[in-house]
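The values are calculated or read from the model by the stated rules, or taken from the named source; none is laboratory data. Everything numeric here is computed off the predicted structure, so don't read it as measured data. Cβ atoms come from the backbone with ideal geometry, glycine included; neighbour counts cover every protein chain shown. With ligands, DNA and RNA removed, areas are computed over all heavy atoms of the protein, side chains included. Shrake-Rupley method; radii C 1.70, N 1.55, O 1.52, S 1.80 Å.
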Amino acid sequence: MQQSSHTTSLSIRSFQFCSNNSVTFTNMKLPTLSVLHLIHLTSLLLILAESTQPPFSCDISDPRTKSYPFCKTTLPITQRVQDLVSRLTLDEKISQLVNSASSIPRLGIPAYQWWSEALHGVAYSLRVTQGIRFNGTIQSATSFPQVILTAASFDAHLWYRIAQAVGIEARAIYNAGQAMGMTFWAPNINIYRDPRWGRGQETPGEDPLVSGKYAVSFVRGIQGDSFEGGKLGQHLQASACCKHFTAYDLDNWKGVKRFVFNAKVSLQDLADTYQPPFQSCIQQGKASGIMCAYNRVNGVPNCADYNLLSKTARGQWGFNGYITSDCDAVAIIHEDQGYSKLPEDAVADVLKAGMDVNCGTYLKKYTKSAIEKRKLPVSKIDRALHNLFSVRIRLGLFDGNPVKQPYGTIGSDKVCSQEHRNLALEAARNGIVLLKNTDKLLPLSKTKTTSLAVIGPNANSAKTLVGNYAGPPCKPVTPLQGLQSYVKDTRFHQGCNAVNCSSAFIAQSVKIAKGADHVVLVMGLDQTQESEDHDRVDLLLPPKQQNLISRIARVAKNPVILVLLSGGPVDISFAKNDQHIGSVLWAGYPGEAGGRALAEIIFGDHNPGGRLPVTWYPQSYVNVPMTDMRMRPEPSSSYPGRTYRFYQGPKVFEFGYGLSYSNYTYEILPVTQNRVHIMVESSNPHRYLPVSEMGDEVCEKMKYTVKVRVKNHGAMAGKHPMLLFVRQPKMVNGRPVRQLVAFQSVNLNAGERADVEFELRPCEHLSSAKKDGSMVIEEGSYLLSIGDKESEIQVVK
C-alpha cells in the first residue's frame, strides 16, 4: 500500500497511523479513536510486527476483552459469533467476505488470510502473497510425495499420518509468527476422469471409494482428529477444505478453459462418481471447509448453485463449515460466463446460494451496491460471517495468546523433523510402482554393480520431485544423488536439454551408457508438460525423449531400467514391449525423499508394492473429447467410457496394477453367510430396492466380514496392498464392470501369511445408481474378487 503525504513514518503491513489520530488501512479510513483504542491498536501493531508472535484476538491484557462475549471461551461458539457479528458495521462485515480479510482494530481483530496451501506439505500459493511465509526462522517444510503417488500405496493410515504431520507443521509455522491464516485449501478430491488432466497429479486417482477414503484420512489428520474419527471436539489444529466442488477435472484443453466450461453431467454419474468423495469428506471427515469450483454443471456455476451448496452439502450431508470460491470465480460468473448480468447480480447469486468467502475482490467491491440495489439482504452476509468466524474461533484465534491454547506448544522443531522426513521417505517407498521386471532384473546387486550410468532430464532435478503446490523442501535427494550413494562410479548425463527434449544429446548419452554395468534412465514429465491450467493433448513421452530411451537401450551392456516421473499416465507401450528395457518404475512426483526411495528399490533395500490408482490408456484414447463428462460407455457411438469401472477398450496398464519382488497368493475364506437379505418389507415390484428406503439402522445390520488369506511367497519382506472388488456377471443398466469395495495394506515377511478382514457394507458396496441418481440394491448374484480368486454372494429380498 502506498503512503499518503500526511502519514507518519510508521507503516506496518496494511496499517498506517495518520496525523489526525485516525487509522487508515486497506484503503479504508476509521473515525478518530479514543486513547484506549489507540493504546490497544499500538499493542496489536507491535504483535503483528513481531515475527515470532502469531496474530490473535482477545488478548487478556486488553481491558475490553472481559466485556466482549465473543472473547469468552466458556460460551458456545454460536453465541460468541452472534455477539461478534452484531458489533460490526456494514463496511466491516463486507471487509470479511474476501480471502484477505481486513483487520478490525477497534475490536482488536487482526487481518486474516483464508488462502493457504497444504496439498502434500505446507506450501506457497501460486499467485499471491497468502497465509504462509518461509522468510523467518522456518524456511522450509517437509515435502511429501505428490498425492497421486501417495494414493498408490492404498494405505489409508499412511495418508492420515502424512496429513497429521502437515497439520503439525502448519501449526508450528503459525506459532512461529509466519502465518496469517490456518485455513488450508486441500485436499483436491476430484475424480481423475481423463488421463490428460494437468491437475490429476493432485488427486488420489480415478476411483470414488479411494478418493473418499483419502479425503477422510487427510481431513482427520490435518484437523487434529483421530484416525477413526470422533475425537476432534470443537478445536481445530488446522482447517481442511475439500475441493473443487463439483465435477471439475478440465483446466485448459485445446482452448477450452475451466473458467467457462459447462460440464454436462448425468444424475447417474453425479450420484456414483463425482459426488461420493465430497459426501465422505463432509459426513465422515467432518471437513470445516469446501471450495466451489469455477466450472458450470449443467449450465449453473458451482458457486451460484443453491441446490449444490445449501441443499446438498449443508442440508442433506450436514456440512458445518465455510464455503469459499475458487480464486476469482465470482468475477468469472459475470465477466466470463455471462451467467449474471451485473457484478451485483454475481455477488447476490453466490451469497444466496450459500457461498461464504470470495477468493478475490468481487465481494469487497460490489456487495454494498448489491444491498443498496436491493439485490441482497444483509442477512445473507450475516450467515456467511457466522460460518467464517465460527471456523476462526474453532482454530483458537479468538481465545487469547495461542501459546496457551491446545496447540500452542507445537514448536519450530516439529518442522522438517527427522520423524516427518522419515515419513516422507516411507510414503515414497510405498507408492512407487514396479511396472515391468523382465527376468528379475531388479533388484540390482550392490556388490556386483561396479559402475552405473544415470541419464535423463529428471535425474538430477529437485524441482521435478515435488510436483506442484509445493513449499521449499527440507533436504531433497534427487534420483542421481540417491543412486550415487550406492555406486561410487556413477556417471551422469542429462540426455536432453529439458523434459520436452527439444534437443537430445544422443552421442554423449550413448557413450556413457556403453561404458557402464547398468543404465538407469530417469525420464517422464514435469510441470511444463502437465499442470494447473495446462492439460495434455496426447499420452506419449516427448518424441525425442522416447527416441533417446530406445537408442540407449539398444547399446547398453544389459537391459536398461526406465524410471518415469509423472503425475498422469503415459503410453509407454514401446518400453513395455522392448526386450532391451528390462524394468520400468513409475515414481509419480515422489517428494523430497524420492531419490533415496528409488535407489533403495533399485538396489533391493525396499520391496516395491505400489499399485496404480489410475488406468493407463493407449495413445488412441486422445480421440475421446476431454469435454465429454460421461462415465459410462455408449457402444452405438463408439464411446468407450472412462476409468476402470466403465472403460471398454485396450489398456497399457490396468487400475491396481503393480509388481513386486515377491509373489503373493490369495484365498477367500469360507464365510458363514453368502446370502445378503434385504431386510425391509416393500411393495416395490422391481428386483431392486432404493437404499433411501432402507435407513441407516437396517444398512448397519446388513454389514458383514469377508476374510482373505494372503501369503508372501518371495524371499523378501514386503508391504502389499490388497484390493477387493465386486462385480455382477453382466454389465447392464449402467452397472460398473467392477467396483473397488475395500482395500488394506499388509506387511508380510518372506514366507509369512496372514488372514485379513474386510468389512462389506451392502448398502454402500453393492448398490448402484439408476438414471435418476437414486442408489439401489438389486437382487441377484455378485462376485467378490481379489487377484485371481472370486467368491459368489447372493442378494435376495
For VAL652, all conditions in the list (1) open to solvent by 60 Å² or more (accessible area, probe 1.4 Å); (2) farther than 21 Å from MET716 by Cα; (3) at pLDDT 95 or above hold save one; what is the number of the exception? (1)
Look at segment 484-520 and say how many of its residues are within 33 Å of the chain's Cα centre (by Cα) and either among the charged types (D, E, K, R) or open to solvent by 50 Å² or more (accessible area, probe 1.4 Å) (or both). 6
When residues of segment 757-769 are limited to those that are open to solvent by less than 50 Å² (accessible area, probe 1.4 Å) and not polar (S, T, N, Q), the one farthest from SER745 (Cα to Cα): ALA769
What are the residues in segment 78-93 that are closer than 17 Å to ARG383 by Cβ and open to solvent by 40 Å² or more (accessible area, probe 1.4 Å), if any? THR78, GLN79, GLN82, SER86, ARG87, LEU90
Kindly provide the set of residues from segment 252-306 that are in a strand (DSSP E or B), of a type in the set (A, V, I, L, M) and under 25 Å from THR183 (Cα atoms), ordered by number. ILE290, MET291
Given the structure, is LYS264 closer than 27 Å to TYR306 by Cα, open to solvent by 10 Å² or more (accessible area, probe 1.4 Å) and of a type in the set (D, E, K, R)? yes
So which residues in segment 70-102 are in contact with a Phe, Trp or Tyr (Cβ under 8 Å, 6 or more places away or on another chain) and in a helix (DSSP H, G or I)? PHE70, CYS71, ARG80, VAL81, ASP83, LEU84, VAL85
Conditions (1) touching a Phe, Trp or Tyr at 6+ places or on another chain (Cβ under 6 Å); (2) under 30 Å from GLU419 (Cα atoms) -> ASP535 fails only (2)
For segment 575-598, name all the residues that are buried (at least 24 other Cβ atoms within 10 Å of the Cβ) and in a loop (DSSP other than H, G, I, E, B). ALA587, GLY588, TYR589, PRO590, GLY591, GLU592, ALA593
Going by the structure shown, is SER325 within 19 Å of LEU88 (Cβ to Cβ), under 28 Å from the mean Cα position of the chain (by Cα) and either open to solvent by less than 10 Å² (accessible area, probe 1.4 Å) or hydroxyl-bearing (Ser, Thr, Tyr) (or both)? no
Residue that is nearest to THR643 (Cα to Cα) [pool: residues in segment 736-754 that are in contact with a helix residue (DSSP H, G or I) (Cβ under 7 Å, 6 or more places away or on another chain) and β-branched (Val, Ile, Thr)]: VAL737
Of everything in segment 719-743 that's within 25 Å of TRP159 (Cβ to Cβ) and either touching a Pro at 6+ places or on another chain (Cβ under 8 Å) or of a type in the set (Lys, Arg) (or both), which residue is most open to solvent (accessible area, probe 1.4 Å)? ARG738
Applying the selection to segment 599-612, what residues are part of a helix (DSSP H, G or I) and within 16 Å of LYS719 (Cβ to Cβ)? GLU600, ILE601
Considering every residue within segment 616-632, establish whether at least one is under 27 Å from SER550 (Cβ atoms) and hydrophobic (A, V, I, L, M, F, W, C). yes
Counting only residues that are under 28 Å from ILE138 (Cα atoms) and among the hydrophobic types (A, V, I, L, M, F, W, C), which one in segment 427-458 is surrounded by the most Cβ atoms within 10 Å (Cβ to Cβ)? ALA428
Against the conditions (1) acidic (Asp, Glu); (2) open to solvent by less than 10 Å² (accessible area, probe 1.4 Å); (3) closer than 24 Å to ARG738 by Cβ, where does ASP628 fall short? Just the number, please. (2)
Complete set of residues in segment 521-536 that are surrounded by fewer than 19 Cβ atoms within 10 Å (Cβ to Cβ) and either in a strand (DSSP E or B) or without any contact (Cβ under 8 Å) to a residue 12 or more places away in the chain (or both): HIS534
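Okay, residues lined up against (1) more than 30 Å from TRP185 (Cα to Cα); (2) out of contact with any Gly (no Cβ under 8 Å at 6 or more places or on another chain):
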residue: GLY456; (1), (2): yes, no
residue: TYR469; (1), (2): no, yes
residue: LYS475; (1), (2): no, yes
residue: THR478; (1), (2): no, no
residue: TYR486; (1), (2): yes, yes
residue: ARG491; (1), (2): yes, no
residue: CYS496; (1), (2): yes, no
residue: VAL510; (1), (2): yes, yes
residue: LYS514; (1), (2): yes, yes
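Yes or no, residue by residue, for (1) modelled with pLDDT of 95 or more; (2) hydrophobic (A, V, I, L, M, F, W, C):
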residue: ARG374; (1), (2): yes, no
residue: LEU397; (1), (2): yes, yes
residue: VAL403; (1), (2): no, yes
residue: TYR407; (1), (2): yes, no
Contact list, first residue from segment 52-77 and over 21 Å from ALA176 (Cβ atoms) and surrounded by 22 or more Cβ atoms within 10 Å (Cβ to Cβ), second anywhere and at pLDDT below 95 and among the hydroxyl-bearing types (Ser, Thr, Tyr), beta-carbon distance below 8 Å, six or more apart or interchain, is CYS71/THR65
Applying the selection to segment 740-764, what residues are in contact with a Ser or Thr (Cβ under 6 Å, 6 or more places away or on another chain) and closer than 15 Å to GLY718 by Cα? none
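Per-residue answers, yes or no, for (1) assigned to a strand (DSSP E or B); (2) closer than 25 Å to GLY431 by Cβ:
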residue	(1), (2)
GLN744	yes, yes
ASN747	yes, yes
ALA750	no, yes
GLU759	yes, yes
CYS763	no, no
ASP772	no, no
ILE777	yes, no
SER791	yes, no
GLN794	yes, no
ARG80 - would you say it is of a type in the set (Lys, Arg) and in contact with a Pro (Cβ under 8 Å, 6 or more places away or on another chain)? yes
Somewhere in segment 94-102, is a residue under 15 Å from VAL415 (Cβ atoms), at pLDDT 95 or above and open to solvent by less than 10 Å² (accessible area, probe 1.4 Å)? no
What residue, of ALA287, ALA240, ALA271, is among the hydrophobic types (A, V, I, L, M, F, W, C), in contact (Cβ under 8 Å) with a residue 24 or more places away in the chain and farther than 21 Å from PHE184 by Cβ? ALA271
Tell me the residue from LEU548, LEU562, LEU525, LEU539 that is assigned by the TED database to the domain that holds SER445 and within 20 Å of PRO443 (Cβ to Cβ), please. LEU562
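Condition check ((1) out of contact with any Leu (no Cβ under 9 Å at 6 or more places or on another chain); (2) in contact (Cβ under 8 Å) with a residue 60 or more places away in the chain; (3) of a type in the set (D, E, K, R); (4) assigned by the TED database to the domain that holds HIS518) across all residues:
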{"residue": "GLU419", "(1), (2), (3), (4)": "yes, yes, yes, no"}
{"residue": "THR450", "(1), (2), (3), (4)": "yes, yes, no, yes"}
{"residue": "VAL454", "(1), (2), (3), (4)": "no, yes, no, yes"}
{"residue": "LYS463", "(1), (2), (3), (4)": "yes, yes, yes, yes"}
{"residue": "GLY467", "(1), (2), (3), (4)": "no, yes, no, yes"}
{"residue": "GLN484", "(1), (2), (3), (4)": "no, no, no, yes"}
